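No value in this document is a laboratory result; all are computed from the given coordinates. Only a predicted model underlies this, so the values are computations on that prediction, with no experimental measurement involved. Cβ coordinates were reconstructed from backbone atoms using ideal geometry, including for glycine residues, and neighbour counts include every protein chain displayed.
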Amino acid sequence: MPSSRRYRPFFCSLCSLLVWGVTSLRAHVPSETYLTLFLTGTNLSGQWDVAHRDLLQALSLLPGLEAWSKTEREERQEALALDTITRLNLQADGTNLALKVTDYFPIALHSGEYVRFQFSALGLHKTPNQLALDARALFAIDPAMHGYLRLERDGRTESVTFNARSSQCNFELTGTPNRWAQWSTYVREGVWHIWIGFDHILFLIALLVPSVLRRDGARWEGVDRLRPASVNVLKIVTAFTVAHSVTLSLAALDIMRLPTRLVESTIAASVALAAGNNLWPWFGNKGWRVAFGFGLVHGFGFASVLTELGLARANLASALVGFNVGVELGQLAIVLVFLPAAFLIRSSAFYRVAILRLGSAAVVIVALVWMVERLLG
């Protein structure tokens, strides 16, 4: 108990930091924005999905926001989005195309409330050989946004990603699409989504923390060698991989779907249970079973990303494999950083008390806040 009291200030600070982080996390996680172009002969149209909170954030930079009525705010949001679309630089074979907004309406995506703006391109007189888009104008709204651009033509779908540092996207419309480039795009997205998926990361780390320890009665002791810890980690990561791969495939192929709110709430619950198991070992040392069971739910969470990319069925196999590879590479990077560091300090009181016990307790609190927040929508 004396050692626990010694780390009590650390626990209080950690809880305060994490709970504060939970309340502000959504405002700082990069939003995802979706651009889609539809090309049929000389008819080129598109749509832009932008997070409602990003529009509000952009408006908050203008003076006098507090005095605006709800109607005024909606009008300002609309004007901001319309101006943004018209400033997109879309070219066909080097010729600039003017963009005209034709409709807009709210939609619900897995990451929140969005607004969809539909537009048409003017000035296209022949089927182009090349399309080029500079999406720099979008990042005036939120420089941290992560963008997806999808081109649908002749029954085929091509996808690329963009951000504020790399806002230019090009499509060569002659010949066959570059399959390797497409596949590598999905790999990068898998890495990106595991790294920004704080709930997935906390779930994985909560399972990994006790991997360098063994229970001796009521006490935790550090393992003698790295090999047993590595085998335990391998079981956990493999079980999680197999499980989320199964449900990711089922959902992406539209064989099985679950409501988003249920999936996201259950993912938060899985984080709480995984961390709680470090305090009260309900599942014993069978962390791989927990990883597999809840990994099935995490797979449905990953699937929402691929679903919103609107992939054609011909691209699904490549997308699934690439995205899964990316997720595994992202997980591997986390493990390679965490495991050696944890092994080095496994026998210290700091690791057993501050990280295992107090850290797990703080994660439980965070996950429960997430769960309530998601249940309430």
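Close amide H pairs (under 5 Å, H built 1.01 Å from N) link L109 with Y114, residues at least 5 positions away or on another chain. Between the range 70-140 and the range 325-354, what is the C-alpha centre distance in whole Å? The two parts, judged by their Cα centres, are 44 Å apart.
Taking a straight Cα-Cα cut-off under 18 Å and skipping sequence neighbours fewer than 8 places away in the same chain, the aspartates and glutamates within cross-link reach of K235 are E328.
Note that the range 339-346 has calculated 3J(HN,Hα) couplings of 4, x, 5, 5, 5, 5, 10, 4 Hz, one per residue in order, obtained from phi through the Karplus relation 6.51 cos²θ - 1.76 cosθ + 1.60 (θ = phi - 60°); glycine and proline are x. Taking the charge dipole of the range 32-177 about its Cα centre, with +1 at Lys and Arg Cβ atoms and -1 at Asp and Glu Cβ atoms, the residue from S167, S69, L55 reaching farthest to the positive side is S167.
Dipole magnitude for the chain: computed about the Cα centre from +1 point charges on Lys and Arg Cβ and -1 point charges on Asp and Glu Cβ, it is near 1720 debye.
Each DSSP beta bridge with both residues in the range 32-177 is either parallel or antiparallel, and the antiparallel ones are about 85%.
For the range 272-308 and the range 182-253, what is the separation of their C-alpha centers, rounded to whole Å? Computed from Cα coordinates, the inter-centre distance equals 9 Å. Relative contact order for the chain: 20 percent, from Cα pairs under 8 Å spaced at least 6 residues apart, divided by residue count.
The Cβ shell under 13 Å around H200 holds other residues with a net charge of -3, Lys and Arg each +1, Asp and Glu each -1. As I understand it, the value is the acute angle between the Cα axis of helix 70-86 and the longest principal axis of the Cα atoms of the chain; what does it come to in degrees, rounded to 10? Taking Cα atoms only, the helix is inclined about 70 degrees.
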